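For reference, the structure discussed in these notes is given below.
Here, each number is a calculation from the coordinates, and none is a lab measurement. No experiment lies behind these values; they were computed from the predicted model shown. Glycine also receives a Cβ, built like all others from the backbone with ideal geometry; neighbour counts cover every protein chain displayed.
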Amino acid sequence: MSSSSLTLPASGQAAGRNRRLLEILGGASIAATYVYLVLAQPTDLTNGLSSGSTLLALSGFLLGAVLLIAGVLPTVPTSTLVLIPVALVLNIVLGQFIGSTLVPFYLDSVGTVLIAVLAGPAAGAATGALSGIVWSLFNPTVLPFAAGAALIGFLAGLAARYGLFRRFYLAPVAGFVTGIFAGVFSAPIAAFVYGGTSGIATGAVVSAFRAMGDSLLSAITKQALLSDPMDKAIVFSVVALLVYALPRRTTLQFPFIRRHRVLAGAKTS
Amino acid sequence: MLPDSPAGPGGLNPLTLLSAAVVIAVTTTAINSWAVSAAVLLLLATLLALNGLGRKVLPAAAVIMVPFWLSLLLTHGLFFHEGRTILWTAGPVRVTAEGLQFAAGMGLRTAVFVVVCLAFSFSVRPADLMALLTKYRFPPQLGFVLCSTLTIAPAVSGRARRIAQAQQSRGLVTGQGAGGRLRAVQQQAVPLVMALLHEAGSRADSLEARGFGGRGPRTSYREVPDSPAQRIIRWLAVAALAVFLMLWFGPGWFTPGGVR
């Protein structure tokens, strides 16, 4: 796999600064939208909230995801870029299949985590955001979760960067922790945009918490904290199994794996 | 969006369709009334049926919306303890008029969003979208990822089927408890992912050899239908939406309930 063109001029420093700026603005847009949704909104979702918060959540998270993609994608080497469509297909196929079953999990981030482990946090974040946007062409309800998917890709990349995929038993732990962040992040989106969850199984869990007297946001957060950590622990374990099943020749083609010794036994270059 | 989707209805530019979809979805969400959402949904269904897109869009929307509606009904229809008008009660279950109204409002509002997005997806060709992204100087990588995902999906499912057949011909038997199933999944998933990674590697070499990693401007030989009238309509639609949102959310005098 080649990584960059030998014949065409490399981009200048100004372009690099612009991309960094786009990444920062994307992250800031996502963070600001989240903080606003959590802090500035009344806890009673049923009285008067809805439309303004929904539009704000949709536009803020979408803008952030698009800026992240615009900032990161041009820096991704072609060898990694060609893997992103494969990752997106894995996400969409598994996500659609699991979403149609009565299991309160998602398994829609296997491809994102795979790219994050092979190519790093930035590529993972861009893959997550792209996954949400491309999947929304078939299932528009996933669009507001694109920013959350970017967070999962980023955290998976960080876990790989700091060696949590070097020991097999650490991968599900990293997944579990990532799932806590993902759950806390996605709950306000589900609450403010949809007023609930899109699956019957997850809806049943939310209604169980509602029956116990929880507010809607609290019930959805608890459901997310039940589903997401387990879901991500499974996803991280599956990805660990996959990357260790791949031939060493294939995984060592990725500079991120070589540079940060992501996998056990992989020698640094 | 499918690789062989027909051209946009009446030769419409994808941006015109996108601006129409955004205007409809944002306006319905801002108004946030189940009656308005139901009326818009009915209008959209009629328009799509007349256009011939209804047969594709409406079943696809139903597949997404039926579980979502059931989930909302379960959450708000049965356990809406903020509701005051109780219609039926049994143990912890309490069906209230407010809960049903909230579920209907959210369900219909989301249905409009899903139908307009799917109508856009089913009316736009990936090649047109890629030409537009090139025209407006978006990163070429975005167009590649978008179109590549849409075109490799059938190839991936075909390869997965062939791998499953190959493993079955080697004696793989599925359906013997959870462990057996897991082993069967692993024996199919690992070769599939390996094959996909290998193919992606050779695709990267081919793309690099054709200057894909270059930073210069790109030229698209594809002409996407557009007209001055459509450009004016797009700008007018976006401007009207901005004015509507300012009036709707801005000054309290416009709406009886004040700021929403």
As an exercise, use a Förster radius of 25 Å and the Cβ-Cβ distance of residue B:90 and residue A:218 to find the FRET efficiency, rounded to the nearest 0.05. 0.55
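Can you list the trypsin sites (Lys or Arg not before Pro) in the range B:1-100 that are in a DSSP coil and have 10 or fewer other beta carbons within 10 angstrom?
Listed in order of number, the matching sites are B:84.
When averaged across all projection directions, what area in nm² does the alpha-carbon convex hull of the range B:1-121 cover?
Working: hull surface 33.2 nm².
Projected over every direction and averaged, the Cα hull of the range B:1-121 covers 8.3 nm².
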I need the Kirkwood Rh of the protein assembly as shown: take the reciprocal of the average 1/r across all distinct C-alpha pairs and report it in angstrom. 24.3
For the pair residue B:231 and residue B:39, the simple spin-label estimate (label points 7 Å beyond Cα toward Cβ) gives in nm 3.5
Once amide hydrogens are built 1.01 Å from N within the peptide plane, the residues lying 5 or more places from residue B:87 or on another chain with amide H under 5 Å from its amide H are B:95, B:96, B:97
If eta is 0.692 mPa s and T is 37 °C, what Stokes-Einstein diffusion coefficient results for the range A:78-260, Kirkwood Rh from Cα pairs, in µm²/s? 202
Over the Cα atoms, compute the radius of gyration (one decimal) and Dmax (the largest Cα-Cα distance, rounded to a whole number) for chain B, in Å. 24.4, 74
Sequence order, the range A:226-239: Karplus ³J(HN,Hα) from phi using 6.51 cos²θ - 1.76 cosθ + 1.60, θ = phi - 60°, Hz rounded, Gly and Pro as x, gives 7, 7, 5, x, 5, 4, 6, 4, 5, 4, 5, 5, 4, 5
Where nothing but the Cβ of Lys and Arg (+1) and of Asp and Glu (-1) is charged, how large is the charge dipole of the protein assembly as shown around its Cα centre, in debye to the nearest 20? 1500
Global geometry of the range B:138-209, whether rounded, prolate or oblate, following the gyration tensor of its Cα atoms and the 1.5 cut on a/c: prolate
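Counting only other residues whose beta carbon sits under 13 Å from that of residue B:49, what net charge do I get with K and R as +1, D and E as -1?
Values: positive: B:55, B:56; negative: none.
Net local charge, residue B:49 excluded: +2.
Full-extension gain between residue B:47 and residue B:246, please, as 0.36 nm times their residue separation minus the C-alpha to C-alpha distance. Write down the numbers at each step before the final one.
Details: separation 199, 0.36 × 199 = 71.64 nm, distance 2.87 nm.
Full extension of this stretch gives 68.8 nm more.
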For chain A, set up a GNM with springs between Cα atoms under 10 Å and report which of A:159, A:240, A:211 has the largest fluctuation. A:211
Under the Karplus relation 6.51 cos²θ - 1.76 cosθ + 1.60, θ = phi - 60°, what is the ordered set of whole-Hz ³J(HN,Hα) values for the range A:256-261, x standing for Gly and Pro? 4, 5, 5, 5, 9, 6
Put a dot 7 Å past each Cα toward the Cβ at residue A:36 and residue B:239; how far apart are the dots in nm? 2.5
Percentage of Cα-Cα pair distances in the range A:111-191 greater than 19 Å, rounded to whole percent? 34
Within chain A, what's the longest run with no trypsin sites (Lys or Arg not before Pro) in a DSSP loop and at most 11 other beta-carbon atoms within 10 Å? Give the range, please. A:1-166
Simple spin-label estimate for residue B:209 and residue A:25 in nanometres, 7 Å along Cα-Cβ: 3.9
Under the rule of -39500 (n - 2.57) per DSSP H run of 4 or more residues, summed and divided by the residues of the protein assembly as shown, what mean residue ellipticity at 222 nm is obtained, to the nearest 500 deg cm²/dmol? -23000 deg cm²/dmol
The extension gain from residue B:168 to residue B:219, computed as 0.36 nm times the residue separation minus the Cα-Cα distance, is 13.6 nm
Near residue A:85, within a Cβ-to-Cβ distance under 13 Å, what is the net charge of the other residues, with Lys and Arg +1 and Asp and Glu -1? 0
